[in-house]
Amino acid sequence: MKKLILIGLKDVKLILRDRAALTFMLLAPFLLIVGLGFVTGQVGRGSSGIEAIPVAVANQDDGRLGAALVELFESDELAELVIPTFVTDATAARSRVDADQAAAAVIVPAGFTDSIIPRAGQLPAGRAIKLEVYKNPGRPVSAGVIQTIVEGFISRVETGRVAGEVIVMRALAAGLIPPDQIESFATAMGERLATTLAGESAIRLRATVGGGEQTPFNPMAYMAPGMALLFLMFTVSNGGRSLLAEKSQGTLAQLLVSPTTGAQVLVGKLIGTFLTGVLQMLVLIAASSLLFGLRWGDLLGVFVLILAVVFGAIGWGMLITVLARTPGQVAVVGSAVMLIFGILGGSFVQLSMVPAWLQWLSRLTPNAWGLDGFTILGMGGTLTDLGQPLLGLTVMGLVLGALSVVLFNRRSLLQG
Amino acid sequence: MGNAMDTILEARDLTKHYGDVVAVKGISFEIKRGEIFSLLGPNGAGKTTTISMLSTLYAPTRGDAVIAGHSVTREPMAVRRIIGVVPQGLALYDDLTARENLIFWGQMYGLSGRALSQRVGEVLAQIGLTERAHDRVKTYSGGMKRRLNIGIGLIHRPQLLFMDEPTVGIDPQSRRAILDSIKELNRQGMTVLYTTHYMEEAQELSHRVGIMDRGELIALGTQAELTQQVGESETLVLHLSPHEDAETIAQALRAIPGILRASATDHQVALTTRHAKEILAPVVAQADARGVKIHSIDIREPNLEALFLHLTGRALRD
Ligand SMILES: Nc1ncnc2c1ncn2[C@@H]1O[C@H](COP(=O)(O)OP(=O)(O)OP(=O)(O)O)[C@@H](O)[C@H]1O
Ligand SMILES: [Mg+2]
């Protein structure tokens with residue numbers, strides 16, 4: 001056992017001295033996280049990464065939706081992201097923007113609620129009145145954030161409205177409600193819709209961590225796990241490359257003429273890859289927490305998930321190593337797999353947006369399971385909520401590991 | 001045949017096939033405790049393959065070897081603790097320092113703690129790398145890497161050390177240092193199996209020599225025993241200018257009475273004879289007559305190279 005760990009630690013030491021590998025393992029994912037953060041406008045100048053954005057809100061609507069939007073801007077969830085100033089009319093709001101006192105003005109026109117939720121005695125209006133976001137051209141990024149918040153709100157309202165209409169029509173068609181009661185039914189739907197909207201945030205915010213403390217809105221929190229998982233695949237295929245490198249540099253033969261078995265060499269190297277992968281994930285997570293204030297959630301959960309996700313990924317690393325014959329082949333196959341898994345596994349595209357069969361296929365990647373797990377933790381889940389991802393990753397590692405062992409033998413370790 | 005106590009290695013009918021290639025064809029020999037035994041042979045003779053089987057890296061296709069009482073095929077782990085291996089190709093971690101390399105390999109032999117660091121210090125001094133011990137191996141010269149490669153083979157004080165062409169590709173100075181250190185190790189009691197295709201090295205180092213060619217052991221014995229096989233003969237080597245066709249000239253010279261054998265390699269013709277001085281004149285005359293330019297002529301006493309030539313009709317080195 002001691003020997004296995006010594007072989008593993010030797011590999012970790014070698015990796016820590018391999019500048020090219022380190023660049024790929026740590027710097028590349030980090031730069032991508034930061035880069036994507038800038039593109040989506042989430043990296044600010046403040047120490048927490050984001051500076052609160054001043055916004056002028058003019059609510060001329062006397063209905064529930066206008067009130068809900070005001071409530072949203074006043075909510076604790078957005079407290080660290082925006083500083084709202086409430087004004088009575090649209091002109092005042094726009095002039096605050098023109099004077100550069102606000103990054104954007106959000107104007108809720110009169111009759112906004114009525115145009116969406118039918119009042120008693122009316123059918124839903126044919127056409128919804130639009131919310132206006134008046135942007136400060138000097139602050140495109142901040143204005144973009146405000147627009148994102150408002151769009152999120154609108155899309156919720158839209159979903160609710162369509163759903164409401166559909167429900168009313170269906171109920172009508174099925175004869176569930178007599179035509180003379182449509183009005184009261186529609187009103188009830190509208191009421192419920194408005195209540196729901198007021199109660200929920202319009203954009204999916206990171207949920208509470210620990211004792212109900214709200215975390216700041218930060219989409220980087222979704223990007224970082226994806227990137228970390230993407231480059232974890234690099235690390236595990238690099239582990240395979242290092243086995244073949246031992247072969248070509250003669251150290252494998254040297255190990256096999258010392259009192260060391262082939263199995264000890266393999267398991268030792270797997271331990272090395274495992275430690276490297278865990279170290280990589282820990283560094284990426286720690287760095288993103290310290291530098292950008294990303295909250296990854298329950299610490300124990302994060303740690304156990306890391307162990308599982310590295311385990312699952314190593315299964316693939318083993319298979320690639322067994323099937324490839326030269327370090328070059330491992331590198332090529334490894335980076336192809338890394339990219340395919342990145343795409344399939346949701347490192348680039350949200351999995352909820354792809355077709356069902358692709359979602360099913362994504363379950364073959366450690367990325368998808370890992371991302372699930374990190375999302376659960378990010379939303380406030382703990383170790384006990386991780387059952388599925390942990391099971392998926394463990395099974396993946398075991399099945400692929402067993403398959404690799406079957407395909408492998410000592411002769412192929414030395415020759416080929 | 002010595003008794004079992006004196007014999008540290010006994011190989012019987014060792015054979016290795018690589019697919020259709022028969023790399024080693026049923027060789028048998030023994031190595032006595034305390035001796036330097038050399039396997040001398042040209043490229044592809046099967047030296048490395050023999051060492052691979054003896055060091056338990058590859059299983060023999062047929063045959064076996066017993067090292068200090070343990071069979072290489074049945075008790076490889078026991079054998080590995082007794083032997084040290086200095087491979088022909090280097091086996092080093094370039095991104096580790098010499099010290100770290102030695103520590104790692106020491107650990108693989110179960111060394112640890114003070115005993116390990118003390119042994120590492122000793123070996124570093126022995127291979128003359130103490131000053132560069134903390135530099136990464138990739139910054140070393142070829143000779144330094146060779147020395148470290150040897151140090152790794154020594155780290156666990158093996159009873160029997162296999163050294164596979166440890167002086168290939170290095171400068172004369174490093175080579176000298178390596179040969180001297182092997183003699184010193186041997187004085188301290190280490191048994192050495194040394195392979196080389198340099199006749200001079202085998203001659204300088206070994207108590208006994210096995211000559212290998214094309215997978216076979218074609219001669220075996222002390223140097224005196226071996227050179228006796230060539231008889232009283234001497235070798236006359238003619239160095240020709242590059243544009244001459246050595247083969248044709250060798251053929252022509254073969255006809256001269258007193259020449260037992262004539263063979264050509266590159267720009268040299270080697271003539272085996274009993275009395276070199278007597279054939280010198282006719283050889284030069286014949287060459288003159290054919291307009292062949294001779295740069296220089298060496299007369300060599302009976303040696304292993306002559307024996308190889310005698311046995312195979314080819315020169316040891318190509
Ligand atoms: N792994 C292998 N697969 C197939 N053939 C091999 C293999 N290793 C060696 N051979 C062949 O076996 C023969 C003996 O090779 P070996 O390396 O043992 O010779 P050697 O005496 O060590 O030569 P050198 O002085 O060049 O090191 C050669 O014909 C070689 O091509
Ligand atoms: Mg060789």
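The values are calculated or read from the model by the stated rules, or taken from the named source; none is laboratory data. Please read all numbers here as calculations on a predicted model, not as lab measurements. Here the Cβ positions follow ideal geometry from the backbone for every residue, glycine too, while neighbour counts run over all protein chains shown. Each accessible area value is taken on the protein alone, full model and side chains, heavy atoms only, with ligands, DNA and RNA left out. Shrake-Rupley method; radii C 1.70, N 1.55, O 1.52, S 1.80 Å.
How far is helix B:142-154 tilted off the main Cα axis of chain B, in degrees rounded to 10, range 0 to 90? Computed tilt is about 60 degrees.
Once the piece of chain linking B:Ala224 and B:Glu204 is laid out straight, how much longer is it, given 0.36 nm per residue of separation minus the C-alpha distance between them?
Numbers: separation 20, 0.36 × 20 = 7.20 nm, distance 1.26 nm.
Between B:Ala224 and B:Glu204, full extension yields 5.9 nm more.
Per residue, the accessible area of the stretch B:4-227 comes to 39 Å², computed with a 1.4 Å probe over protein heavy atoms only. Placing unit charges on the Cβ atoms only, positive for Lys and Arg and negative for Asp and Glu, gives the protein assembly as shown a dipole magnitude near 1400 debye about its Cα centre.
When nucleic acids and ligands are ignored and a 1.4 Å probe is applied, B:Thr130 ends up with an accessible area of around 80 Å².
Taking all protein chains in place and a 1.4 Å probe, what share, in percent, of the accessible surface of chain B do carbon and sulfur account for? Please report the intermediate quantities before stating the final value.
Values: 6810 of 13830 Å².
Using a 1.4 Å probe with all protein chains present, chain B comes out at 49 percent carbon and sulfur.
Measure out, as a whole number of angstrom, how far apart the alpha-carbon centroids of the stretch B:164-237 and the stretch A:275-309 sit. When both Cα centres are located, 59 Å separates them.
Take B:Arg214: with every protein chain present and a 1.4 Å probe, its accessible area is about 150 Å². Annotation: amide H-H contacts under 5 Å for B:Met212 (H modelled 1.01 Å from N, sequence separation of 5 or more, or interchain): B:Leu40, B:Gly41, B:Ile218.
Separation of the stretch A:342-386 from the stretch B:11-45 is 58 Å, based on Cα centroids. The length gained by stretching the chain between A:Ser335 and A:Leu398 to full extension, at 0.36 nm per residue less their Cα-Cα distance, is 20.4 nm. Residues B:His134, B:His310 ordered from highest to lowest accessible area at a 1.4 Å probe: B:His134, B:His310. In terms of its alpha-carbon gyration tensor, the stretch B:1-144 comes out prolate; a/c meets the 1.5 threshold, and the first ratio a/b outweighs b/c. When B:Thr265, A:Thr365 are compared by accessible area of protein heavy atoms, the largest-first order is B:Thr265, A:Thr365, using a 1.4 Å probe.
Please find the FRET efficiency linking B:Asp20 to A:Thr326, where r is the Cβ-Cβ separation and R0 is fixed at 25 Å, and quote it to the nearest 0.05. The partial results should precede the final answer.
On the way: r = 24 Å, r/R0 = 0.95.
Rounded to the nearest 0.05, the efficiency is 0.60.
State the answer as a single residue: which of B:Val192, B:Ala11, B:Tyr109 lies farthest towards the positive end of the charge dipole of chain B, with beta carbon charges of +1 for Lys and Arg and -1 for Asp and Glu, about the Cα centre. Most positive-ward Cα: B:Tyr109. The distance linking the stretch B:127-147 with the stretch A:73-113 is 70 Å (Cα centroid to Cα centroid, whole angstrom). Three principal axis extents describe the C-alpha atoms of the stretch B:75-140; from largest down they are 39, 30, 19 Å.
Taking N as the residue count of the stretch B:232-301, its C-alpha radius of gyration divided by 2.2 N^0.38 Å amounts to 0.96. Counting other C-beta atoms within 10 Å, and keeping those with at most 13, which DSSP coil trypsin sites (Lys or Arg not before Pro) do you find in the stretch B:1-76? Here the trypsin sites (Lys or Arg not before Pro) that fit, given the DSSP loop and packing criteria, are B:Arg74.
Note on the protein assembly as shown: Cα-only Rg and Dmax are 39.9, 137 Å.
So what's the net charge close to A:Gly346: Lys and Arg +1, Asp and Glu -1, counting the other residues with Cβ under 12 Å from its Cβ? Numbers along the way, then the final one.
Numbers: positive: A:Arg363; negative: A:Asp372.
Charge balance in the 12 Å sphere: 0.
How high is the FRET efficiency from B:Ser28 to A:Val283, r the C-beta distance, R0 60 Å, rounded to 0.05? Before the final figure, lay out the partial values.
Numbers: r = 58 Å, r/R0 = 0.96.
Efficiency computed from Cβ-Cβ geometry: 0.55.
In chain B, the DSSP beta bridges split such that about 70 percent are antiparallel, to the nearest 5. Please give the solvent-accessible surface of A:Val395 in Å², to the nearest 10, using a probe radius of 1.4 Å with every protein chain present. The accessible area of A:Val395 comes to roughly 80 Å². Counting only other chain Cβ atoms within 10 Å of each residue's Cβ, the peptide B:83-93 averages 4.
Counting only protein chain heavy atoms and rolling a 1.4 Å probe, the accessible areas of B:His70, B:His197 rank, largest first, as B:His70, B:His197.
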